[in-house]
Amino acid sequence: MKPWSLPFLRSALLLALAACGMSPNTSARPLTQDEYLRSRELMVPVQGVSRRQLRDTYSAPRSGGRAHLALDIMAKKGTRVLAVDDGYILRIADNELGGRTLYLTDPSRRFVYYYAHLDKRVYGLQEGQRVKRGQLLATVGTSGNAPKDAPHLHFQLLQMAPGKQWWTGEPINPLPYLRKKGDER
């Protein structure tokens, strides 16, 4: 075996373990939710937006005494919306509150990424389709109940619910896990 191949094989093994939600230590314990999400190195899902530009709107109050439980990423209408992670499209739908929406999942289907208030979705997207981090999905808009003078992406991170009921997952603040600047690939 060539000496240069050992580091490559070790890196490949670590990536494969992380993709399966396993720790690289010898006990092969499953990664905690926090460890797994940090290992994903999620990308800010709006083109050109860096983590430093984000405001934490997760706990912001909303009507009816509820909390927001998502991030609003402000951007000019028509700005490109990107896949935050590798994964799959779970659902493409329109509804009164979120307007034009997309639900994606990570490769291990442990987490759900919800995108709302989209202006336009890329033609040809299909439920079940595999997506890659940085892939163009849609554009920022004001659909649904978003104020018409405040285009933004409503982005939510949810833990996948038992029975793969992605629509009932427990919300998680995505801000600590968005590590990379939005960059279309």
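Every number here is computed from the coordinates shown, using simple stated rules; none is lab data. Worth saying up front: this structure is predicted, and the values here are computed from it rather than measured. Methodologically, a virtual Cβ is constructed for each residue, glycine included, from the backbone with ideal geometry; neighbour enumeration extends over all protein chains shown.
Restricting to the range 43-180, compute how many DSSP beta bridges are antiparallel as a %, nearest 5.
On the way: 35 of 36 bridges.
Around 95 percent of the beta bridges assigned by DSSP in the range 43-180 are antiparallel ones.
Checking the a/c ratio against 1.5 first, then a/b against b/c, what shape does the Cα gyration tensor give for the range 43-180? Walk me through the numbers before you get to the answer.
Values: a/c = 1.26, a/b = 1.10, b/c = 1.14.
Rounded, since a/c falls under 1.5.
Rank 156, 129, 165 by mean-square fluctuation in a GNM of the chain with C-alpha springs under 10 angstrom and give only the top-ranked residue.
Maximum fluctuation in the GNM of the chain, among the listed residues, is at 165.
For a test of the definition: using alpha carbon positions, the gyration tensor, and the 1.5 limit on a/c, classify the range 25-105 as rounded, prolate or oblate. Numbers along the way, then the final one.
On the way: a/c = 1.65, a/b = 1.52, b/c = 1.08.
The shape class here is prolate.
If I fit a long axis through the Cα atoms of helix 5-19 and take the longest principal axis of the Cα atoms of the chain, what angle between them do I get, 0 to 90°, rounded to 10?
On a 0 to 90 degree scale, this one is about 40.
Using a simple charge model, +1 on the beta-carbon of Lys and Arg, -1 on the beta-carbon of Asp and Glu, nothing else, what dipole does the chain show about its Cα centre, in debye to the nearest 20?
Working: 28 positive and 16 negative charges, 91 e Å.
Dipole about the Cα centre, nearest 20: 440 debye.
Below 13 angstrom from the Cβ of residue 133, what's the summed charge of the other residues (Lys, Arg +1; Asp, Glu -1)? It would help to have the intermediate numbers written out before the result.
Details: positive: 40, 130, 132, 179, 180, 181, 185; negative: 41, 85, 86, 106, 183, 184.
Overall, the nearby charge balance is +1.
Per residue of the range 96-113, in order, report the coupling 6.51 cos²θ - 1.76 cosθ + 1.60 (Karplus, θ = phi - 60°) as ³J(HN,Hα) in whole Hz, putting x for Gly and Pro.
Taking θ as phi minus 60°, the curve returns 4, 7, x, x, 6, 10, 9, 10, 10, 10, 6, x, 8, 6, 8, 9, 10, 10 Hz for the range 96-113.
Straight-line reach from residue 76: which lysines fall under 24 Å, measuring Cα to Cα and dropping same-chain residues less than 8 apart?
Partners found: 120, 132, 148, 180, 181.
Can you show me the helix-derived [θ] at 222 nm for the chain, built from DSSP H runs with n ≥ 4 at -39,500 (n - 2.57) apiece and divided by the number of residues, rounded to the nearest 500. Display every interim value, and only then the final one.
On the way: 2 runs with 23 residues, N = 185.
Calculated mean residue ellipticity at 222 nm is -4000 deg cm²/dmol.
Show me, bin by bin at 10 Å from 0, the whole-percent P(r) of the range 143-182 based on Cα pairs.
Binned Cα distances yield the sequence 24, 34, 37, 5.
Mind listing the long-range amide H neighbours of residue 120? Cut-off is under 5 Å, sequence gap 5 or more, other chains count too, H placed in the peptide plane at 1.01 Å from N.
139
Would you work out the charge dipole size for the range 41-127 about its Cα centre, treating the Cβ of every Lys and Arg as +1 and the Cβ of every Asp and Glu as -1, and quote it to the nearest 20 debye? Each step should come with its number before you reach the end.
Values: 14 positive and 10 negative charges, 56 e Å.
Using Cβ point charges on Lys, Arg, Asp and Glu, the range 41-127 gives about 260 debye.
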